[in-house]
1. Could you list, in sequence order, the residues of the stretch 93-110 that are in a helix (DSSP H, G or I) and loosely packed, with under 12 Cβ neighbours inside 10 Å?
2. If I ask for residues that are of a type in the set (Asp, Glu) and either in contact with a strand residue (DSSP E or B) (Cβ under 7 Å, 6 or more places away or on another chain) or assigned to a loop (DSSP other than H, G, I, E, B) (or both), which ones from the stretch 141-176 would you list?
3. Based on what the data block shows, is residue 22 surrounded by fewer than 13 Cβ atoms within 10 Å (Cβ to Cβ) and within 23 Å of residue 89 (Cα to Cα)?
4. How many of the residues in the stretch 42-64 are at pLDDT 95 or above and either among the acidic types (Asp, Glu) or farther than 21 Å from residue 191 by Cβ (or both)?
5. Can you pull out the residues in the stretch 181-229 that are assigned to a helix (DSSP H, G or I) and without any contact (Cβ under 8 Å) to a residue 40 or more places away in the chain?
6. Given the criteria touching a residue at least 40 places away in the same chain (Cβ under 8 Å), exposed (fewer than 14 other Cβ atoms within 10 Å of the Cβ) and within 27 Å of residue 230 (Cβ to Cβ), does residue 127 qualify?
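The values are calculated or read from the model by the stated rules, or taken from the named source; none is laboratory data. Since the model is a prediction, treat every value here as computed from it, not as a measurement. Virtual Cβ from ideal backbone geometry, glycine too; neighbours counted across all protein chains shown.
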Amino acid sequence: MRALRHRCEAGLLRLLLWVCRLLGIEKASALGGWMGRLVGRFASGKNRIARRNITAAMPEQSAEEVDAIIDEMWDTIGRYMGEMPFLHEIDVYGGARVTVTSDMDLDAITYPAIYFNAHFGNFEIPTLLATQKGVPLTLVYREASNPYSEAIIQHWREKRGGTWVPKGREGARALLAAIRNKGAIAILADQKFNEGVAIPFFGRDAMTAPALAELALKYDVPLYPVRVLRQPDAHFAVHVFKPVEIEKTGDRDTDVCATLLAINGIFEDWIRAHPGQWLWMHRRWPD
C-alpha cells in the first residue's frame, strides 16, 4: 500500500512539473503559490505546528498576522515547487531574474569555503553561485521519504551541477573530500537534529547539528551566510554576507556552541524581517 501511495504521489509530482514547464517560470511560480495556499488550507496538523512556532518565537504577532505569515509560508513552498524545473536555466550573474549582492568581492573568495542558508525564499538558488563560476560544489541534503519523488527531485537538482550526496556517512565523507580538494560546500543549516547540540533559537533551545561549526573550526574553513529573498514574479535577491566570526578559545565545545549560536542568530534576523519566507512547520523546537 505504501509503495502504491508513493507511486501515485510521484506521478502527481511529475505531472505538476510537466505542466510547469509548459507554463514558463513566472506562471508556474504563480500556479505553485496558488496550489500551496490551497493545500495549506487543509493541512491542519502542519498549520498547528506553524502557529505554535510563530506564536512562541514572535509573541508580539497578532492572530491575524500569524495567519498571514502561515499563508505566505504555503505560497513560498508552492512557488518553490513551481520554479524547480527552471532553476538550471537561470543565469544568476548575467540575467535579470536574480540580483546578487555581497559584503565582499565574490571573485576574491578562496577555497575551500562553506556556504550555508536556511529553508528561506527559494533556498536552492545559491547553488548556482558556485556552479556558474565553475567552482566544484558539494551539497548535502536530506532524502525525501518517497523514493520515487526523490528521484524526480534529484533529476532537476543535478541539472544545476554540483555533487549531491544524502546526509549520513556518505555525506560526511563527501564533505571531507570537498575540503581536501579545495571546493565549495553548501548546507541547509536550520533543521532539527535530535543528536545535536541545544542552542538558543528565538529564545528557546533547539537541537542544532554541530557539523557545520566542527568543520569550520577543525579545518579553518570560512562560513559564508547566503540569503535568498523572494521578489515578485519569480525574481530573487541573493546576498552573500561576510564570513561568520569564529573565535578559537581552545575549548572545542565552547567554540562549536558559540559558532552555532552566531548562525542561529543570523537566521533569526532573516526570519524576523521576512517571516513568511521561512518554513515554520518544521518541528524545530521540542513540543
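1. Initially, the stretch 93-110 is screened for residues in a helix (DSSP H, G or I), giving 106-108.
Of everything in the stretch 93-110, those that are in a helix (DSSP H, G or I) and loosely packed, with under 12 Cβ neighbours inside 10 Å turn out to be 107, 108.
2. Residues of the stretch 141-176 of a type in the set (Asp, Glu): 143, 150, 158, 170.
Residues satisfying the conditions are 143, 158.
3. Details: surrounded by fewer than 13 Cβ atoms within 10 Å (Cβ to Cβ): yes; within 23 Å of residue 89 (Cα to Cα): yes.
Considered against the rule, which asks whether it is surrounded by fewer than 13 Cβ atoms within 10 Å (Cβ to Cβ) and within 23 Å of residue 89 (Cα to Cα), residue 22 comes out as yes.
4. Going through the stretch 42-64 one residue at a time, the tally reaches 6.
5. First, the residues of the stretch 181-229 that are assigned to a helix (DSSP H, G or I): 211-219.
Hits for the stretch 181-229 are 211, 218.
6. Values: touching a residue at least 40 places away in the same chain (Cβ under 8 Å): yes; exposed (fewer than 14 other Cβ atoms within 10 Å of the Cβ): no; within 27 Å of residue 230 (Cβ to Cβ): yes.
The answer is no for residue 127.
Per-residue answers, yes or no, for (1) under 21 Å from residue 130 (Cβ atoms); (2) β-branched (Val, Ile, Thr); (3) in contact with a helix residue (DSSP H, G or I) (Cβ under 7 Å, 6 or more places away or on another chain):
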{"site": "216", "(1), (2), (3)": "yes, no, yes"}
{"site": "232", "(1), (2), (3)": "no, no, no"}
{"site": "237", "(1), (2), (3)": "yes, no, no"}
{"site": "251", "(1), (2), (3)": "no, no, no"}
{"site": "254", "(1), (2), (3)": "no, yes, no"}
{"site": "264", "(1), (2), (3)": "no, no, no"}
{"site": "268", "(1), (2), (3)": "no, no, no"}
{"site": "273", "(1), (2), (3)": "no, no, no"}
{"site": "278", "(1), (2), (3)": "no, no, yes"}
